[in-house]
Amino acid sequence: MFEATVSIDLGASYSKVAYRPACDPDRPGTLRQDAMVLMVDASPLIPSIAIQTQRKNMPWVFGVQAAKLNPDGTMKVHKNWKANLFLPQNNAESANAVIVAEHFFGWLKQKLEPAGIDLGKAETRVAMPAFDSVAETARVIGICMETNGWKPPILKAIEPHANTVGLFSRGRSAIRRTA
């Protein structure tokens, strides 16, 4: 039995989310390909822009909605927040990126749950770049996610490995049951 898995690729320009429901192939020699790229706001690509609006009814805007928004002078636009998560030193930019990440994962959870994704039962994996300092950032991202109710542990997949698996599987998530 393979538990349900949500995979998140935090790309520099776009994030992508895929989901594979729990599966247990019927018998040895069978193959199941149940994974799908999830659509968030009718798009498989989530633009990496965050806007802090200062509005009480909607303090943060992400994704396609943020990309289409024409911010006014009261709004704070965060364009490169993901890259700032991986800065080698703690400074104002890296601290701000953690705040944005915490709100982003709350927003993303609110987008996925209405689509029928039970995040309380799903394993979550986040693709990370292969930097030497990625362990601390992975821990921080995990805390941001857990604060918003994502099921721990949040697992990391390092980019070159994750990309190689995607190439060899031709982008399919497949489970084969063997004897």
*Which of (1) in contact with a Pro (Cβ under 8 Å, 6 or more places away or on another chain); (2) of a type outside the set (A, V, I, L, M); (3) surrounded by 13 or more Cβ atoms within 10 Å (Cβ to Cβ); (4) modelled with pLDDT under 85 is the odd one out, the single condition THR178 does not satisfy?*
(3)
*For GLY149: the one exception among (1) modelled with pLDDT of 90 or more; (2) out of contact with any Phe, Trp or Tyr (no Cβ under 8 Å at 6 or more places or on another chain); (3) surrounded by 16 or more Cβ atoms within 10 Å (Cβ to Cβ); (4) not in a helix (DSSP H, G or I)*: (3)
*If you take the residues of the range 106-120 that are of a type outside the set (Gly, Ala, Ser) and part of a helix (DSSP H, G or I), which of them is farthest from the chain's Cα centre (by Cα)?*
PRO114
*Is there a residue being under 16 Å from VAL6 (Cα atoms) and exposed (fewer than 13 other Cβ atoms within 10 Å of the Cβ) anywhere in the range 93-112?*
yes
*Considering only residues that are more than 16 Å from the chain's Cα centre (by Cα) and either of a type in the set (Lys, Arg) or under 16 Å from GLN110 (Cα atoms) (or both), look in the range 62-85 and name the one that is surrounded by the most Cβ atoms within 10 Å (Cβ to Cβ).*
ALA66
*Mind listing whichever residues of the range 124-141 are buried (at least 17 other Cβ atoms within 10 Å of the Cβ) and either touching a Pro at 6+ places or on another chain (Cβ under 7 Å) or in a strand (DSSP E or B) (or both)?*
THR124, ARG125, VAL126, ALA127, MET128
*Note down all Cβ pairs under 9 Å where the first residue falls in the range 125-139 and is touching a residue at least 60 places away in the same chain (Cβ under 8 Å), the second is part of a loop (DSSP other than H, G, I, E, B), and they're at least six residues apart or on different chains.*
ALA127/GLY11; MET128/PHE86
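The values are calculated or read from the model by the stated rules, or taken from the named source; none is laboratory data. Please read these numbers as outputs of a predicted model, since none were measured by experiment. Don't worry about glycine lacking a Cβ; one is built from the backbone with ideal geometry, like all the others, and counts go over all protein chains shown.
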